[in-house]
Every structure is written in C-alpha cells, then in structure tokens.
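Asker: Handing you a structure now.
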Amino acid sequence: MAAVGGAGGRASTMGGKNERFQEREKERDVRTSNIIAAKSVADAIRTSLGPRGMDKMIQAGKGEVIITNDGATILSHMQVFHPTAKMLVELSRSQDIEAGDGTTSVCVLAGSLLDQCGLLLAKGIHPTAITEAFGKCVTKAEEILESVAVPLRLDDRDSLIKAATTSLSSKVIAQHSDTLAPLAVDAVLGVTDTEVDTNVDLSKIKVVKALGGTTEDTELVRGLVFTKKASHVAGALTRVAGAKIGLIQFCLSAPKTDMENSVVVSEYSAMDRILREERKYILKMCKKIQKSGCNVLLIQKSILRDAVNDLSLHFLAKLKILVVKDIERDEIEFISQTLGCQPVAHVDSFTADKLGSADLVEETSVGPSTRVVKITGVANPGRTISMLVRGSNALVLDEAHRSLHDALCVVRSLVKKRFLIAGGGAPEIEVSQGLQKWSKTLEGTAGYCAKAYAQALEIIPYTLAENAGMHPIAIVTELRKQHAEGHRTHGINVKRGVISDMLEEDVVQPLLVSLSALSLATETVNMILKIDDLVAVRWRVLHASAARSHREAQAANAGGGAAAASPSLRSMPECNAAHRIRASL
C-alpha cells in the first residue's frame with residue numbers, strides 16, 4: 001500500500017509540474033505575441049521619423065487619399081485588429097493630446113523598449129521586476145532631461161519660432177516653414193496672457209481652409225473668416241465699413257406648421273391674400289432688424305425649414321444689409337466671443353445692445369472659384385484669432401492644416417513648460433549615457449533593466465540617421481563619443497550629414513514633448529508586460545446565451561400572438577454580435 005501511495009504521489013507531483021510548465025509556456029506565448037504585434041505597428045511608422053522621413057499615402061474606403069508623415073494621422077487611419085497593437089494607436093493619440101508633437105517618436109520608442117523587454121524576458125527576469133526598474137528609469141531620465149534644458153521666456157519670439165520651425169521641418173510642407181512658424185507663434189501669443197496663463201485654449205484659434213493660391217499665401221486674420229459667400233441677390237452689398245453685426249438663430253421665412261399639414265386654397269383671391277400676408281410678415285421682420293442699426297447679418301443654418309428665402313434676401317438687400325447665411329451651430333460661440341455680439345433667437349429680442357461691431361466686412365476672392373468673407377477691425381473681447389490656410393490642391397491644404405496644428409501645439413507646450421532642449425537625437429543619447437552610468441550603481445536585475453532601457457533610447461538617433469541615408473552605426477558611435485566628451489547638445493545634422501551643436505543650428509524642441517514621450521511610452525510598455533493571458537469571448541457562448549434568452553422570451557409570451565414576435569426582434573442584436581465575433585475569429 002505504501003508503494004502504491006508513493007507512486008500516486010509522484011504521479012500527482014509530475015502532473016502538477018506539467019501544469020505549471022504549460023501555464024508558463026502560455027504566459028510566454030501571450031507576451032511574445034503582444035510584443036510582436038506592438039512592434040509591427042512601431043516598425044510601420046518608423047520610416048516616417050525625422051526631417052528625411054518618408055511619407056505615407058493612405059487610401060480610405062471611399063477613395064479619399066491622404067499624404068502625410070504625421071504618426072497620429074497614420075495610426076488613426078490604420079486598420080488594427082490585435083488589442084495590443086491598438087494600445088500603440090491610443091499611445092500616439094495620447095501624445096497628440098498632451099504635447100501635440102512627437103507622435104511618431106513615442107511609438108518608435110515604445111517598440112524599442114518592447115524589443116529590449118523581449119531580451120530581458122529571455123534571460124529569465126520576471127515582468128514585475130522589469131516594470132519596477134523601468135519606472136525608476138523614467139524618473140531618472142526626466143531628471144537628466146531637465147538638467148540639459150534651457151529656460152525660455154515667452155517674450156523671446158525668435159526662440160519660439162525656432163521650435164515651431166523644427167516641428168515643421170519633418171512635414172510635407174517643410175519648405176514653407178519660414179511662413180507658417182511665425183504665424184503659429186503670433187496666433188498662440190495673441191490668445192495668451194504670457195504673464196498669467198500656463199496653458200493655451202486652442203479652440204480660440206480658428207483655422208479656416210480655402211482652396212486656391214499657395215501655402216505661402218496663408219495669413220493671420222485678427223477677426224473672422226467665413227468660407228461662405230455673401231448673399232448675391234440684385235443690389236446686395238459685398239463690402240460694409242463701420243459694420244454693426246447681428247447674429248440670429250431664427251428663420252427669416254414664412255412660418256410653417258409643426259406637423260405635416262396642408263392648406264387647401266379654393267380660389268385665387270385666397271391665394272393672393274396668403275402671398276400678401278407672407279410678404280408683410282417677412283418685411284416686418286426685416287424692418288425690425290434694420291431699426292436696430294444692423295447692417296451685417298449672420299444667419300445660422302436651420303435643419304427644420306429654410307433659414308432665409310429669396311424674398312427675405314431681396315428685402316435685406318433693399319435695406320442695405322449684407323447677409324452671410326448658413327452659419328454652422330458649432331461656430332456660434334466663437335463668433336460671439338470674437339465680435340462681442342449675442343445670438344438672438346427671436347426677432348422681438350433683436351435690439352442694438354445685442355450687436356457686435358467691426359471696422360470692415362468684405363467679400364474677397366482667394367482663388368478662381370473660391371470667395372471668403374473677412375471681418376476685420378473687431379474689438380475682440382474674447383481674445384480670439386482666425387487663420388486662413390491656403391493650398392493649391394486638397395491634399396496640400398489638408399497637410400498644411402495638420403502641420404499648422406502641430407506647430408500650434410509645440411508653442412502651447414512651451415507655454416505649459418517653459419524649457420527648450422536640443423533636437424537631432426541629442427537628448428536621447430544624453431539620457432542613454434546618463435542611465436548607463438546610473439545602472440552600474442544598481443544591484444540585482446535592476447541594473448540589467450536600466451542598461452536595457454538606456455540602449456532602447458538609442459533607437460531615435462539611429463532611426464534619424466537611417467532615414468537620412470547615413471551610416472547609422474558609425475553616426476551613433478560618434479555621437480556617443482561626443483557626449484562622453486561633454487558635448488551635451490550635439491546631435492545629428494541630417495541636412496549636412498554630420499554631427500554638430502543643435503543649439504547653434506537652431507534645432508530645438510520643447511522639453512514637454514520629450515518628457516511626455518518617455519513617460520507615456522514607458523507606461524504603455526509596462527502595461528503590455530503585465531498581461532499574461534488573452535481572454536477571448538467565444539461566439540458559441542454568445543450564440544447560446546442569445547438562443548437561451550430567445551427561448552425564455554418566447555415561453556414568457558407564449559399566449560400573446562403578436563406580442564410573442566417581439567422577443568425575437570430583441571434578440572437579433574445579440575445574434576448579430578455573435579456572428580460578427582465568429583467572423584472576426
């Protein structure tokens with residue numbers, strides 16, 4: 001009996017070991033799958049990094065074509081299925097929200113960190129030990145970055161322009177950076193109190209796109225720009241000086257019933273009476289508007305009925321009132337802030353105190369078939385600014401809009417954290433050198449992890465050199481040597497193919513961009529490392545659940561006849577969800 005018991009005990013022990021071995025193998029397979037999926041996303045956009053990075057052509061489902069090298073734009077249009085790969089898409093979006101720039105760098109950095117994590121896991125280091133060490137590394141990296149940062153004053157306009165120019169140098173429209181960078185700086189400073197504000201509300205800067213001309217024709221308008229034409233009925237005004245501007249949300253047209261009713265007219269005299277009353281009704285409203293002193297009228301678009309008709313436009317033209325119609329609902333707040341006017345919901349409330357003022361309102365031509373309405377010389381109580389972006393075609397116009405947004409975000413980052421650091425891969429190499437020295441002071445596995453973290457940061461200068469057609473290994477080796485000798489601001493000059501002082505070359509970037517990229521990339525990598533299993537809800541389970549609910553509903557409504565048909569309709573979404581999951585699997 002003892003022998004039998006001993007054999008049974010050994011068998012159970014062997015069975016337990018096999019189960020633990022299989023469980024560890026499963027965890028290793030899941031982590032490997034997650035790392036490969038995330039690295040594939042990072043490698044897809046890695047060639048777009050830097051001033052010499054390649055552009056991507058994105059073709060949407062409806063045939064729309066986008067040409068860009070902005071990481072956030074590329075990833076937002078990329079169709080990603082793996083849940084871990086989706087985390088890198090969200091990482092790029094988070095960087096875009098926090099800093100507005102560095103959306104490609106943060107994904108490339110995360111991919112490199114995951115690559116090093118794979119090597120550490122292969123050495124038998126536990127994921128928890130890696131994540132704890134990486135958390136200490138990012139804190140140390142932030143200290144090193146802050147030690148090499150240069151303080152900035154917001155009245156130093158030239159330094160702000162240098163940072164915006166560096167951001168635009170990697171875009172499709174890099175040749176127009178000398179035009180767009182000063183506009184971005186002036187726009188942000190125009191809506192910011194540099195002495196008090198620690199953030200910038202970019203919703204106060206309205207970017208309007210107009211097809212026609214070139215990117216160099218982009219201008220800053222201290223007022224409003226509408227891409228809608230002014231009303232062009234006979235005798236209508238297209239230019240008004242000393243404008244009194246009203247903004248209405250009611251309709252200048254004949255009233256209609258709330259429900260779909262019809263009015264039956266049996267004789268011509270009754271029809272004539274209806275038309276006469278309609279003219280009197282509209283003319284009365286137009287005269288009330290004129291009585292308030294208004295000579296420019298902005299009309300909000302209506303979805304229930306026509307906000308304005310030909311008859312009301314004719315009366316307003318006779319009364320010498322310039323009309324801009326089809327104002328979108330989401331533009332109302334910006335218009336009110338800029339002009340100091342109040343939106344009016346009923347004609348009886350349309351009084352002189354609700355009007356805004358401007359020196360000039362005029363319609364101008366910006367292309368062969370494109371006309372815009374500009375309102376300039378406003379008192380601007382809400383500190384708002386408009387930017388009119390021009391482009392020769394839709395692709396260039398859209399990319400100019402995206403690039404200008406990145407430049408605005410760079411200047412906003414400098415308002416939030418007023419420090420500059422050198423570009424060209426200089427901060428990454430400096431942090432890498434500092435972390436490698438620091439790793440020698442650590443004990444146990446933390447030292448290995450810190451060294452791996454430091455090596456992962458070298459992917460940024462390596463990729464910059466590789467995308468510029470330079471020899472990456474030789475360039476990174478030389479860059480290490482320069483930083484070891486104390487040249488902390490030396491980086492890769494991709495235009496000349498050499499290593500030089502980035503501050504002298506005017507290649508600078510906000511400190512916040514690098515800090516945000518490091519912290520967000522490390523946080524995402526730690527989250528991926530802590531995943532040890534992927535739980536998928538099988539379609540059979542959903543299908544069985546939907547079928548069971550369907551049967552229960554039918555049993556509950558068995559005596560209802562028509563009522564018994566409704567549960568099947570209610571269970572259809574669940575069945576459809578099950579079929580969609582089955583198709584994806």
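Table: residues versus (1) open to solvent by 20 Å² or more (accessible area, probe 1.4 Å); (2) over 41 Å from the mean Cα position of the chain (by Cα); (3) under 30 Å from Leu339 (Cα atoms).
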site: Gln290; (1), (2), (3): yes, yes, yes
site: Asn295; (1), (2), (3): yes, no, yes
site: Ser302; (1), (2), (3): yes, no, yes
site: Ala307; (1), (2), (3): no, no, yes
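The rows are residues; the columns are (1) at pLDDT 90 or above; (2) open to solvent by 10 Å² or more (accessible area, probe 1.4 Å).
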| site | (1), (2) |
| --- | --- |
| Glu428 | yes, yes |
| Leu435 | yes, no |
| Trp438 | yes, yes |
| Gly444 | no, yes |
| Ala454 | yes, no |
| Arg480 | yes, yes |
| His483 | yes, yes |
| Arg488 | no, yes |
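Asker: Kindly provide the set of residues from segment 490-502 that are open to solvent by 70 Å² or more (accessible area, probe 1.4 Å) and either touching a residue at least 24 places away in the same chain (Cβ under 8 Å) or closer than 26 Å to Arg412 by Cα (or both), ordered by number. Walk me through it before giving the result.
Answerer: Going residue by residue through segment 490-502, those that are open to solvent by 70 Å² or more (accessible area, probe 1.4 Å) are 495-496.
Selection gives Lys495 alone.
Asker: Which of the following residues is more than 30 Å from Ile144 (Cβ to Cβ), among the acidic types (Asp, Glu) and open to solvent by 60 Å² or more (accessible area, probe 1.4 Å): Glu399, Glu333? Working first, answer last.
Answerer: Details: Glu399 fails: open to solvent by 60 Å² or more (accessible area, probe 1.4 Å).
Residue meeting the stated conditions: Glu333.
Asker: Moving on. Based on this model, can you work out whether Leu316 counts as open to solvent by less than 10 Å² (accessible area, probe 1.4 Å), under 29 Å from Arg222 (Cβ atoms) and at pLDDT 90 or above?
Answerer: On the way: open to solvent by less than 10 Å² (accessible area, probe 1.4 Å): yes; under 29 Å from Arg222 (Cβ atoms): yes; at pLDDT 90 or above: no.
So Leu316 fails the test.
Asker: Still on this structure, I have one more. Scan segment 193-202 and tell me whether some residue there is touching a strand residue (DSSP E or B) at 6+ places or on another chain (Cβ under 7 Å) and hydroxyl-bearing (Ser, Thr, Tyr). Working first, answer last.
Answerer: As a first pass, look at segment 193-202 and keep what is touching a strand residue (DSSP E or B) at 6+ places or on another chain (Cβ under 7 Å): none.
No, segment 193-202 has no match at all.
Asker: Turning to a different aspect of this structure: Considering (1) crowded, with 16+ Cβ neighbours inside 10 Å; (2) over 30 Å from the mean Cα position of the chain (by Cα); (3) on the phi > 0 side of the Ramachandran plot, say which one Val323 fails and leave the rest.
Answerer: (3)
Asker: Quick check on Cys286: is it part of a helix (DSSP H, G or I) and open to solvent by less than 20 Å² (accessible area, probe 1.4 Å)?
Answerer: On the way: part of a helix (DSSP H, G or I): yes; open to solvent by less than 20 Å² (accessible area, probe 1.4 Å): yes.
So Cys286 fits the description; yes.
Asker: So, in segment 213-236, of the ones that are open to solvent by less than 50 Å² (accessible area, probe 1.4 Å) and under 17 Å from Leu180 (Cα atoms), which residue ends up farthest from the chain's Cα centre (by Cα)?
Answerer: Across segment 213-236, the extreme among qualifying residues is Gly213.
Asker: Among the residues of segment 90-117 satisfying the criterion of being open to solvent by 30 Å² or more (accessible area, probe 1.4 Å) and under 20 Å from Gly423 (Cα atoms), which is farthest from the chain's Cα centre (by Cα)?
Answerer: Here the residue is Ser105.
Asker: Moving on. I need the full set of residues from segment 38-55 which are in contact (Cβ under 8 Å) with a residue 40 or more places away in the chain and either among the small types (Gly, Ala, Ser) or open to solvent by less than 40 Å² (accessible area, probe 1.4 Å) (or both), in order please. Talk me through it step by step, then tell me what you get.
Answerer: Step one: of segment 38-55, the residues in contact (Cβ under 8 Å) with a residue 40 or more places away in the chain are 38-43, 45-55.
Result: Ala38, Ser40, Val41, Ala42, Ile45, Ser48, Leu49, Gly50, Gly53.
Asker: When you scan segment 209-258 for strands (runs of 3 or more DSSP E) that lie fully inside it, which ones turn up with 1 or more residues that are more than 27 Å from Asp306 (Cβ to Cβ), acidic (Asp, Glu) and in contact (Cβ under 8 Å) with a residue 40 or more places away in the chain? It would help to see each step written out before you state the result.
Answerer: Values: elements: 219-221, 223-226, 239-248.
Fully inside segment 209-258 and qualifying: 219-221.
Asker: Would you confirm, using the coordinates I've provided, whether Glu458 is in contact with a Gly (Cβ under 9 Å, 6 or more places away or on another chain) and under 21 Å from Gly111 (Cβ atoms)?
Answerer: Numbers: in contact with a Gly (Cβ under 9 Å, 6 or more places away or on another chain): yes; under 21 Å from Gly111 (Cβ atoms): yes.
Yes.
Asker: Given the options Gly382, Gly377, name the one that is assigned to a loop (DSSP other than H, G, I, E, B), among the small types (Gly, Ala, Ser) and at pLDDT below 90.
Answerer: Numbers: Gly377 fails: assigned to a loop (DSSP other than H, G, I, E, B).
Just a single option satisfies the conditions, and that option is Gly382.
Asker: Further, regarding this structure: Name the pairs whose Cβ atoms lie under 7 Å apart, with the first residue in segment 113-140 and under 11 Å from Leu529 (Cβ atoms), the second open to solvent by 70 Å² or more (accessible area, probe 1.4 Å) and basic (Lys, Arg), and 6 or more positions between them or separate chains?
Answerer: The qualifying pairs are Pro127/Lys530; Thr131/Lys530.
Asker: Scanning segment 56-89 for residues that are in contact (Cβ under 8 Å) with a residue 24 or more places away in the chain and not hydrophobic (A, V, I, L, M, F, W, C), which turns out surrounded by the fewest Cβ atoms within 10 Å (Cβ to Cβ)? Steps first, please.
Answerer: Of all residues in segment 56-89, those in contact (Cβ under 8 Å) with a residue 24 or more places away in the chain come to 65-75, 78, 80-85, 87-89.
From what is left, the residues that are not hydrophobic (A, V, I, L, M, F, W, C) are 68-71, 73, 82-84.
Working: Thr68: 21, Asn69: 23, Asp70: 26, Gly71: 31, Thr73: 21, His82: 16, Pro83: 12, Thr84: 24.
Among them, the one singled out is Pro83.
Asker: Only residues in segment 144-167 that are under 27 Å from Leu457 (Cβ atoms) count as the first member; pair them with residues that are open to solvent by 20 Å² or more (accessible area, probe 1.4 Å) and among the charged types (D, E, K, R), Cβ under 6 angstrom, at least 6 apart or cross-chain, and list the lot.
Answerer: Correct list of pairs: Val148/Glu430; Val148/Arg488; Leu152/Arg418; Lys162/Asp506; Ser167/Asp101.
Asker: Within segment 356-371, restricting attention to residues that are of a type outside the set (Val, Ile, Thr) and under 31 Å from the mean Cα position of the chain (by Cα), which residue is surrounded by the fewest Cβ atoms within 10 Å (Cβ to Cβ)?
Answerer: Taking segment 356-371 as the starting set, the residues that turn out to be of a type outside the set (Val, Ile, Thr) are 356-360, 362-363, 365, 367-369, 371.
Filter again for under 31 Å from the mean Cα position of the chain (by Cα), leaving 365, 367, 369, 371.
Numbers: Ser365: 10, Gly367: 15, Ser369: 8, Arg371: 18.
Here the residue is Ser369.
Asker: Shifting gears a bit: If a residue has to be open to solvent by 10 Å² or more (accessible area, probe 1.4 Å) and outside any loop (DSSP other than H, G, I, E, B) to count, how many in segment 160-176 make the cut? So that I can check it myself, show each step before the final result.
Answerer: Just the residues of segment 160-176 that are open to solvent by 10 Å² or more (accessible area, probe 1.4 Å), to begin with: 161-162, 165-166, 169-172, 174-176.
Next, from what is left, pick out any that are outside any loop (DSSP other than H, G, I, E, B): 161-162, 165-166, 174-176.
Residues meeting the conditions: 7.
Asker: May I pose another question? Of the residues in segment 389-429, how many are more than 21 Å from Ala99 (Cα to Cα) and of a type in the set (D, E, K, R)?
Answerer: Final tally of qualifying residues: 1.
Asker: Moving on to the next point. Just checking, which of Arg239, Arg273 is more than 30 Å from Ala407 (Cβ to Cβ), open to solvent by 80 Å² or more (accessible area, probe 1.4 Å) and in contact with a strand residue (DSSP E or B) (Cβ under 7 Å, 6 or more places away or on another chain)? Break it down into steps so the answer makes sense when it comes.
Answerer: On the way: Arg273 fails: in contact with a strand residue (DSSP E or B) (Cβ under 7 Å, 6 or more places away or on another chain).
Unique residue meeting the criteria: Arg239.
Asker: Condition first: under 33 Å from the mean Cα position of the chain (by Cα) and open to solvent by 60 Å² or more (accessible area, probe 1.4 Å). Now tell me which residues in segment 338-355 satisfy that.
Answerer: Gln342
Asker: Sticking with this structure for a sec: Mind checking whether some residue in segment 224-233 is closer than 23 Å to Leu154 by Cβ, modelled with pLDDT of 85 or more and either in contact with a strand residue (DSSP E or B) (Cβ under 9 Å, 6 or more places away or on another chain) or among the basic types (Lys, Arg) (or both)?
Answerer: Quick first cut of segment 224-233, residues closer than 23 Å to Leu154 by Cβ only: none.
No - not one qualifying residue is present in segment 224-233.
The values are calculated or read from the model by the stated rules, or taken from the named source; none is laboratory data. Quantities reported herein were computed from a predicted structural model and do not represent experimental measurements. As a convention, Cβ positions derive from the backbone with ideal geometry for all residues, glycine included, and neighbour counts pool all protein chains shown. Heavy atoms of the whole protein, side chains included, go into the accessibility calculation; ligands, DNA and RNA do not. Shrake-Rupley method; radii C 1.70, N 1.55, O 1.52, S 1.80 Å.
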